[in-house]
1. If the chain between residue 190 and residue 218 were fully stretched, how many nm would it gain, using 0.36 nm times the residue separation less the Cα-Cα distance?
2. What full-extension length gain, to one decimal in nm, is calculated for residue 211 and residue 172 as 0.36 nm per residue of separation minus the Cα-Cα distance?
3. Just how far, in whole angstrom, is the range 35-56 from the range 203-222 if you go by their alpha carbon centroids?
4. Neighbouring Cβ atoms within 10 Å as the yardstick, rank 44, 171, 130 fewest first.
5. Kindly state, to the nearest 0.05, the FRET efficiency for residue 73 paired with residue 144, given R0 = 35 Å and r defined as their beta-carbon distance.
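Just so it is clear, none of the values below were taken in a lab; they were calculated from the coordinates. If you're wondering where the values come from, they're calculated on a predicted model, not measured in any experiment. When we count neighbours, we look across all protein chains shown, and the Cβ atoms used for this are built from the backbone with ideal geometry, even at glycine.
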């Protein structure tokens, strides 16, 4: 969860982790504003590095609400300033680095519908899908030592199994269909818990988690 006025290394590391996790949505936001891939990479990287260098996590307080909104508004301000100054973004020295996969970010951006979605809406869509991907990756990691569930039950949770999958999984695992359904139910419940944990890391007030979850699910369903 975002913490106000916290200058400890743990807070800085938390901000760095969030920046790395949500690099992709920011990149899509910058691309939709009309920047070429290379320029979008430089702007996104430059913005996040400036965020870390200024320790802007201190500016996020309980009244500030969602990190998603803070990040988008801050990026708009940063881009506006960079365009006004018309200066090249050259961050270096090796003091701070942010890991990202530019090719993956561009590939995901190209999957966005080519319609009239504005940059903010593209950002929110990518943010929502990133939350879900991170939660799914955590669930897969938790199942790494439970290969039968990972190989047979997880596809049902992810919605990638065929219509007859419950019967097929029951046969493969040597259990009843009801037992399969119970495992799916438990994994879906755990997945929901992980999603909530991911969202809780991006809001200042625990009471905002439910509203943020409903909002992100609505975006995904659009």
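1. Extra length from residue 190 to residue 218 when fully extended: 8.0 nm.
2. Gain on stretching residue 211 to residue 172: 10.1 nm.
3. Between the Cα centres of the range 203-222 and the range 35-56 lies a distance of 26 Å.
4. The most exposed by this proxy come first: 171, 130, 44.
5. Once the sixth-power term is evaluated, E becomes 0.40.
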